[in-house]
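Here's the structure we're looking at; comments come further down.
The values are calculated or read from the model by the stated rules, or taken from the named source; none is laboratory data. Quantities reported herein were computed from a predicted structural model and do not represent experimental measurements. Note that we place each Cβ from the backbone using ideal geometry, even for glycine, and neighbour counts take in every protein chain shown.
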Amino acid sequence: MAQHTRKGAQFQALTANRLSDGIVVYLAADDRWSESLQDSDVAEGKEAADALLARATPSVDRNEVVEPYLFEVSREDGGIRAVSVRETIRQAGPTVRRDLGKQAELAGVHD
Amino acid sequence: MYRYDEFDQQLVNERVAQFRGQVGRRLSGELTEDEFKPLRLMNGVYLQLHAYMLRIAVPYGTLSSKQLRMLAHVGRKYDRGYGHFTTRQNLQFNWPALKDMPDLLAELASVEMHAIQTSGNCIRNVTSDQYAGAAKNEIEDPRIVSEIIRQWSTFHPEFSFLPRKFKIAVSGTPDDRAAIRVHDIGIQIVQNGKGEIGYEIYVGGGLGRTPMIGKKIAGFVPKEDLLAYLEAVMRVYNMYGRRDNIYKARIKILVHEIGVEEMTRQVEAEFAELRKAGALHLPQEEVARIEAYFRPPSHENLPDDSAELNKAVLADRGFANWVKSNVAQHKVPGYAIVNISLKPIGGVPGDCTSDQMDAVADIAEKYSFDELRVTHEQNLTLAHVRKKDLHAVYELLKAHDLATPNIGLITDQIACPGLDYCALANARSIPLAQQISERFADIERQHEIGELKINTSGCINACGHHHVGHIGILGVDKKGVEYYQVTLGGAADEKTAIGDIVGRAFTEDEVVDAIETIVTTYIGVRQNGERFIDTYRRVGIDPFKESLYETH
Ligand code: HEM
Ligand code: SF4
């Protein structure tokens, strides 16, 4: 499987899929799940990242989301960017259907 | 076409009701994800990169117009107006919500469709030749055997928990369009000197991480013994197949490890036991009952030559090109087989919109006895079209962007969903197929290049059959960047071969140029009438290696 993140990544965000419809979501600072990467909380360093991941547990237990994991991001021009191609596609939608997915629905999605 | 009996319908209805309960319990939290995941997979529901994905079975690729209309409807109501036909002759929807799944499956059940045997370690949906019942040199309609196997294997208690998934394909003609030698079991229908029909059996083919070509273990299994023989193969696999290591669990590894002689010996021994017990002797009435479903439709008595067709070919160049590449010979005079390309230039291989599905359903209803086929090369087939109707069919298809005249040509590519949709992918597949398609868009040039199959997979699971593409492309991940490894000389027909790796992988920017270099090299060295694969078999990999790498 493609690597989601890199060991020693400086910045990481937390993603999962919503149980009821499978849509990709990101954990925000207020512990709500947002469909936009731009709303996500960003952890710096390993300890903060572990703490961020732990914050997924209550929503997994409440059956709101499934398969949470951390992935590497960077901060650029005031925005949050996914580093890998995989996570870039995940926060946007299929590159072959620009009319579908978050890229067609949300502001702040990046290529 | 096969119609459900009461037993089938009840079974499918019960499965929907059961899954409705399971989804309900998952959403309310009574079931955990760990408990639920195997249940959803048993019903064809995967979690993919962006959303859930539903894989719907199309047994041996045959659909009625009514069923296709239902798929169109499901695409509109529960998805985003399109679906994806796969190399396993199935259909995948990319966006359905879990909470809608029970209603969606109930709608499918109303037209005898379901998602059973599309996932998990069971005998999967049997695949077959899209020209079944229409091919000129067909010995027997392969759907009869496919349906017999479907009934035997569905929910067979011994086969629900195999070491790994199990795929069977059946071909009824000497030229193999079902890729039987890359399946766990491949069945070739044959005829012996006495004119009796029987089955040649191949085992241990497969792609994925360890590609293998199936080995022949029986030259002629008599008709009445087929299930007993298959059961014998399954028993040997169930006994010795490795459950300890997922990468070694397929039957191909077993056959490779113990060798084809030993495998044959073991199967023969089991077979002798089963025959003694006699339970699996196929009763003639049952075979006759199933055969009746696949009786040829009532073809008209027509002259083979059609004046209307000949006139239209002369008058319409686009039509002539389409006839040349997309229309195949039919066994009944005055009829033809029409292949509908789902590979428009620059399009997504295998994708079909709900509107296109409705259009094809209407055309099939009016011009091809109300049924159609899905091909493992991700196209559709109308198996019984009168030659005199070909132009009308072409015009209708053209109006829906379904008349791309490229079957078997370089732009008729197989591609898996890759990183655009798939959670397991290393790299994208579809954009490569699109770029290659655009590079070679010129139809005259495509015909000049001739038959050439390019297959792309986004990871080693090989859903895009890259190992057996004349040119295969495999996406690999190097530190989060997409790279593509190219193989040459693969084939999935009666001369099945696994492609050879040509050299170091290419970046996304390089790969289309590399394909162009390969094609130019082929054109430079080919001899009269040679297809790409013939040339490759004659000259080998070196000329291609040289032109690809030595100048750099
Ligand atoms: C997008 C979701 C998909 C997932 C998660 C997926 C997953 C997999 C995996 C894990 C395997 C390897 C299993 C093994 O070797 O034991 C596999 C094999 C295969 N898949 Fe898929 N697949 C997907 C979509 C598709 C599609 C769209 C097609 C058709 C275009 C397809 C056709 C195949 C075929 C033909 C194989 C067999 C290769 C072999 O012989 O081993 N899959 N798939
Ligand atoms: S080959 Fe890999 S990337 Fe492509 S669909 Fe299969 S699992 Fe996904």
Helices (runs of 4 or more DSSP H) lying entirely in the range B:443-552 (those with 3 or more residues that are within 28 Å of B:Ala403 (Cβ to Cβ)):
B:443-449, B:508-525
Which one is nearest to the other protein chains (Cβ to nearest Cβ) among residues in the range B:403-421 that are closer than 12 Å to B:Pro349 by Cβ and assigned to a loop (DSSP other than H, G, I, E, B)?
B:Pro417
First in the range B:315-334 and free of Cβ contacts under 8 Å to residues at least 40 places away in the same chain, second anywhere and surrounded by 17 or more Cβ atoms within 10 Å (Cβ to Cβ), Cβ under 6 Å, 6 or more apart
B:Ala320/B:Val313
Restricting attention to the range B:509-537, which residues are touching a helix residue (DSSP H, G or I) at 6+ places or on another chain (Cβ under 7 Å) and more than 17 Å from B:Gly450 (Cβ to Cβ)?
B:Val511, B:Val512, B:Ala514, B:Thr517
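Please tell me if B:Phe532 is of a type in the set (A, V, I, L, M, F, W, C), touching a His at 6+ places or on another chain (Cβ under 7 Å) and away from ligand 1 (no atom under 16 Å from the Cβ). Spell out the reasoning first.
Numbers: of a type in the set (A, V, I, L, M, F, W, C): yes; touching a His at 6+ places or on another chain (Cβ under 7 Å): yes; away from ligand 1 (no atom under 16 Å from the Cβ): yes.
When the stated conditions are applied, B:Phe532 passes them.
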Looking for something modelled with pLDDT of 90 or more, among the basic types (Lys, Arg) and more than 16 Å from ligand 1 (Cβ to nearest atom) - is there at least one such residue anywhere in the range B:281-290?
no
Give the residue that is nearest to ligand 2 (Cβ to nearest atom), with candidates limited to residues of the range B:380-419 that are of a type in the set (Asp, Glu) and surrounded by fewer than 24 Cβ atoms within 10 Å (Cβ to Cβ).
B:Asp401
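Condition first: outside any loop (DSSP other than H, G, I, E, B) and either within 13 Å of B:Asp401 (Cβ to Cβ) or of a type in the set (Val, Ile, Thr) (or both). Now tell me which residues in the range B:323-347 satisfy that. Step through it out loud before you land on a result.
Step one: of the range B:323-347, the residues outside any loop (DSSP other than H, G, I, E, B) are B:323-329, B:335-340.
B:Val323, B:Val327, B:Ile337, B:Val338, B:Ile340, listed by residue number.
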From B:Glu395, B:Glu451, which residue is without any contact (Cβ under 8 Å) to a residue 12 or more places away in the chain and away from ligand 1 (no atom under 16 Å from the Cβ)?
B:Glu395
Unique match (being under 30 Å from B:Asp420 (Cα atoms), within 16 Å of ligand 2 (Cβ to nearest atom) and more than 10 Å from chain A (Cβ to nearest Cβ)) among B:Leu68, B:Leu63, B:Leu54:
B:Leu54
Filtering the range B:422-442 down to residues that are among the aliphatic types (A, V, I, L, M) and in a loop (DSSP other than H, G, I, E, B), which residue is farthest from ligand 2 (Cβ to nearest atom)?
B:Ala441
Within the range A:38-79, how many residues turn out to be part of a helix (DSSP H, G or I), surrounded by 13 or more Cβ atoms within 10 Å (Cβ to Cβ) and within 13 Å of another protein chain (Cβ to nearest Cβ)?
2
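Right, B:Glu444: more than 10 Å from ligand 1 (Cβ to nearest atom), modelled with pLDDT under 95 and closer than 21 Å to B:Arg526 by Cβ or not?
On the way: more than 10 Å from ligand 1 (Cβ to nearest atom): yes; modelled with pLDDT under 95: yes; closer than 21 Å to B:Arg526 by Cβ: yes.
So B:Glu444 passes the test.
Just a yes or no: is a residue in the range A:54-77 over 23 Å from B:Asp34 (Cβ atoms) and among the polar types (S, T, N, Q)? Quick ask: steps written out before the conclusion?
Going residue by residue through the range A:54-77, those that are over 23 Å from B:Asp34 (Cβ atoms) are A:72-77.
Going one step further and asking which of them are among the polar types (S, T, N, Q), we end up with A:74.
The answer is yes, given that some residue of the range A:54-77 is over 23 Å from B:Asp34 (Cβ atoms) and among the polar types (S, T, N, Q).
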Output for the range A:17-35, where each listed residue is touching a helix residue (DSSP H, G or I) at 6+ places or on another chain (Cβ under 8 Å) and within 14 Å of another protein chain (Cβ to nearest Cβ)
A:Leu19, A:Ser20, A:Asp21, A:Gly22, A:Val24, A:Tyr26, A:Glu35
Looking for something in contact with a Pro (Cβ under 8 Å, 6 or more places away or on another chain) and of a type in the set (Val, Ile, Thr) - is there at least one such residue anywhere in the range B:498-508?
yes
With respect to B:Ile180, is the statement that it is more than 23 Å from B:Met239 (Cβ to Cβ), surrounded by 23 or more Cβ atoms within 10 Å (Cβ to Cβ), of a type in the set (A, V, I, L, M, F, W, C) and within 16 Å of ligand 1 (Cβ to nearest atom) true?
yes
